Each structure stands twice: as C-alpha cells, then as structure tokens.
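Okay, so here's the structure we're looking at.
The values are calculated or read from the model by the stated rules, or taken from the named source; none is laboratory data. Nothing here was measured: the structure is a model prediction, and the numbers come from that model. When we count neighbours, we look across all protein chains shown, and the Cβ atoms used for this are built from the backbone with ideal geometry, even at glycine. Please note that ligands, DNA and RNA were not included when accessible areas were found on the heavy atoms of the full protein model with its side chains. Shrake-Rupley method; radii C 1.70, N 1.55, O 1.52, S 1.80 Å.
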Amino acid sequence: MDLEAIAELAQRERLCLGCTGRLAARRGHGLTNHERGQALLATRAMLAEAADETGTAPFFHGATPAPAPDECGLCAGLCGEVESLAQLVLDAVVDIELATFQVGTLVDAEILSREKELQAGLGNHGEPLKSQLNREIGSRVADASGLEPQRDSPDAVIVVDTRYDTVDLQIRSLFIEGRYTKADRTIPQTRWPCRHCRGRGCERCDGSGQMYPDSVQSLVAAPLLEASGAGEDKFHGMGREDIDAAMLGAGRPFVLELRQPRVRSLDLPALEKAINVAADGRITANGLAWVARPRVAELKETVCDKTYRVDIRCDPPVEIERLKKGAQRLAGEVVEQRTPTRVSHRRADLVRPRRVESMKLLSADGATAELEIRAQHGTYIRELVSGDGGRTSPSLAELVEAECRVEVLDVLHLHLEEPET
Ligand SMILES: [Zn+2]
Ligand SMILES: [Zn+2]
C-alpha cells in the first residue's frame, strides 16, 4: 500500500479525512478512518517539512485543512452525517423491544462507483464506504441505546437509506408453537379472504374482507397480536382439516408467526388462557412455546396417520352385518384414490395408493352409521366412504353396494408419536 499515493490522491480529489483514511484501511490498528486520514496527512506534512525547509509544499505544510465532509469530492458529506443517521435509527427503534440489531445502509450508486474507481487506482486496499457507515452508525446506536450489534439473526435489521434519510426496520418474527383443537364445525383453519372483494371489504362480507368471520388462526392470533403489537400473523398448520370437520383429541400442531412485533417478551401461559377464554370452547390452543423459524419447515414436512370419526348415511339402508363386513374388508387395505372431483380444480389429477389402517363400526341403524377410521396421511376419507363415482376403489359404498356419504367428519387423533405405518 502506497501511503504517499493515497495522500496525493486525497489532495487531488479533495477528499475529507474519513474518505482519505478509508483508502488506507487496516493500516493503523484501532484508528477510525477519520483519525487514520488525519494521521496520514499529518505524517506526510511532517516528512515534507523535514525534506523541504523552504515551505513550498503548501497543502501539507502547517495546518492546511482537508476539506470538510460537505465539500468532500467523494462522500458528499456522508462521513460527517454519522451522528444524524444514527439518530434516525434511534428514533425508529424507540418503544420497540429489542436486544440485538444490525445496521445496513443504502448509498447513492454514483458515490459507490466513484469510490470503486478511486480504490482500483490504488490496488483495491480500501474499505467500502458502506461498511464504514454501518460500523460507525452501529456503534453510536449501541452506545446510545444499550442494544447489542449482532451479525447472525439479530432482533432487527435496520437499513438506513442515506439518499432520502429514511429508515427501513425489519424486525425478526416471533414463532410460537402449540396445538389446537376445534369443536366448531363452521370455521376454517386460516383466514380466508372474501372471494368478491379479495379482502378489501364489501357488502357480501359485511366489510370484514373475510369469507368467514372467524378462523382458528384469527382466534389464536388475536390476543398474541395485541400483546406483541405485531403488524400481521401467519399460521403454519401441520396439515388442515375441512372447515366442517372438528379437530379433537390432543389437537393439531401449528406454528404462529408474528411479523414485525414491537414486544418480544410475551407471557405465553397467560396469553394461552386469554385465547381460550375468548374462544369460549369453539377452539382451544394448548402448550404454547417459543420455537425458531426452521420449525415451520419441519412441521410442514411432518406427516402421520390420522384417526377420524365419521357419521355416514346409506341409501338404501344397509344391514349392520354387511356394513361391518365392508369395514373389515377395508381395514388393512391399500385403496387407490384418484384426485377427488371436489378438489381437482386445484390439485393434479393423480391416482394415489393410500393405506387404511383400521375401520371400526361404532354404531349403526341401517340408514346411518358411525365409524372410526385410521388411515395413512393424505387419505380422502369422504371418498373412501362414497367411492367418488369409482375414482376411489375399493370404497365402503362399493363393498356394501349402496350409496354412502359422510355427513359429519371429525379428526380424533394425529398419530405423531408413532412412526408412520
Ligand atoms: Zn468524504
Ligand atoms: Zn368482501
């Protein structure tokens, strides 16, 4: 690194001390770029004085100052704005509960390309302006706020746009895992934007923007959104049941993501109670606990057997013995299920083999019956009963030679604790 060449270039391009020092980055351990620039020019001046007692090196002689940042030929004042840019960050995070943060900056493209050019002429030893700004703003913010700078998954990434003096604050989401049960057979798992207005609110949806006033998601999220001050939530369920199916037993695992939360220390047991009191038995949330983001993908990939309870209707009525035999025939059977007509508009038309683990007849009076079915993940239970016009085979309807259809379907249990069979 040629310090003499740096000093000459700084003079020629009229660089401020910060920009000068940055060209000599990593020389002079522990100095700021400003101090480094000052030291470099002062040393250069003293060496020139020693060599030339006639005083014909005017820039370096005596106290001839380097230009102030506002007049700098490179940074257009940025080196002198660290204090005010740090204040923008401090204003943005006031009243937000954070422990760790990271600062990023956006800088005018012309400045960045000019800087590259200058550094290239000197062998590319310099530090980029952005990294100086990130570091200096970050350390002022840390000193003033007590927050800790952190590179890996900080609570907030704060990007300062130095072109417009604006701040973009990205707060790390909170992830809460739990299980839900649903006794109310009229609510969907997740919010469902109104088909007519796509969520804007119209007469059809009473201004709610939703097809259904409530969902498992909205009932679970409401107290958590309020307590965290989050901007929005996302519900990640381990699969889902139909709107008109209940989810019973130990419930279904989910992770609720709270985006842009302003409060991070939540009393989960108290909030769980608040959810369950407000939901008044329609749904419950249980075992709320903190998890990390990767848990969402893990949950989405988890599959397991499920046990269902169904009420069916047979037309014409079927003798109990015949129903029992039909159920016995299906237990342990692998059925072929072509994508049902009711979902074929959004799913590929495929034939999937699915194993029926067990099928028990709990009660029957001929025209109606109650069954308990354990089946492999992804089994279409309604079609297993009805046959879906031959698209699922064998089916209960096919075996008892009558029309059978599911009237009520509940999920009783997700067999998470046992490996899939
Ligand atoms: Zn400068
Ligand atoms: Zn609407």
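Would you check if there is a residue in the stretch 332-348 being of a type outside the set (S, T, N, Q) and crowded, with 20+ Cβ neighbours inside 10 Å?
yes
In the stretch 331-379, what count of residues is obtained for those that are in contact with an Asp or Glu (Cβ under 7 Å, 6 or more places away or on another chain) and of a type in the set (D, E)?
The total comes to 2.
Does A86 meet the test of being modelled with pLDDT of 85 or more, in the same structural domain as R163 (by TED's automatic domain parsing) and closer than 25 Å to N134 by Cα?
yes
Does at least one position in the stretch 133-142 carry a residue that is assigned to a helix (DSSP H, G or I), more than 23 Å from A24 (Cα to Cα) and not assigned by TED's automatic domain parsing to the domain that holds N33?
So far as the stretch 133-142 goes, yes, one or more of its residues are assigned to a helix (DSSP H, G or I), more than 23 Å from A24 (Cα to Cα) and not assigned by TED's automatic domain parsing to the domain that holds N33.
Before we move on, is A99 over 30 Å from E8 (Cα atoms), touching a residue at least 24 places away in the same chain (Cβ under 8 Å) and either within 16 Å of ligand 2 (Cβ to nearest atom) or surrounded by fewer than 16 Cβ atoms within 10 Å (Cβ to Cβ) (or both)?
Answer is yes for this residue.
Residues are listed down the side, and each one gets a yes or a no for (1) in a loop (DSSP other than H, G, I, E, B); (2) at positive phi; (3) within 13 Å of ligand 1 (Cβ to nearest atom); (4) among the hydroxyl-bearing types (S, T, Y):
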site	(1), (2), (3), (4)
A66	yes, no, yes, no
G73	yes, no, yes, no
A76	yes, yes, yes, no
D91	no, no, no, no
I96	yes, no, no, no
T105	no, no, no, yes
S113	no, no, no, yes
L118	no, no, yes, no
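Given the options R262, R240, name the one that is under 18 Å from the mean Cα position of the chain (by Cα) and outside any strand (DSSP E or B).
Values: R240 fails: under 18 Å from the mean Cα position of the chain (by Cα).
Every option except R262 fails the conditions.
For every residue, the table says whether it meets (1) part of a strand (DSSP E or B); (2) away from ligand 2 (no atom under 16 Å from the Cβ); (3) hydroxyl-bearing (S, T, Y).
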| residue | (1), (2), (3) |
| --- | --- |
| I158 | yes, yes, no |
| R191 | no, no, no |
| G199 | no, no, no |
| L224 | no, yes, no |
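Which numbered condition in (1) open to solvent by 10 Å² or more (accessible area, probe 1.4 Å); (2) touching a residue at least 24 places away in the same chain (Cβ under 8 Å); (3) within 16 Å of ligand 2 (Cβ to nearest atom) is the only one that G229 fails?
The one condition G229 does not meet is (3).
Does the stretch 273-316 hold any residues that are open to solvent by less than 40 Å² (accessible area, probe 1.4 Å) and assigned to a helix (DSSP H, G or I), and which are they?
Scanning the stretch 273-316 gives I275, A279, V296, L299.
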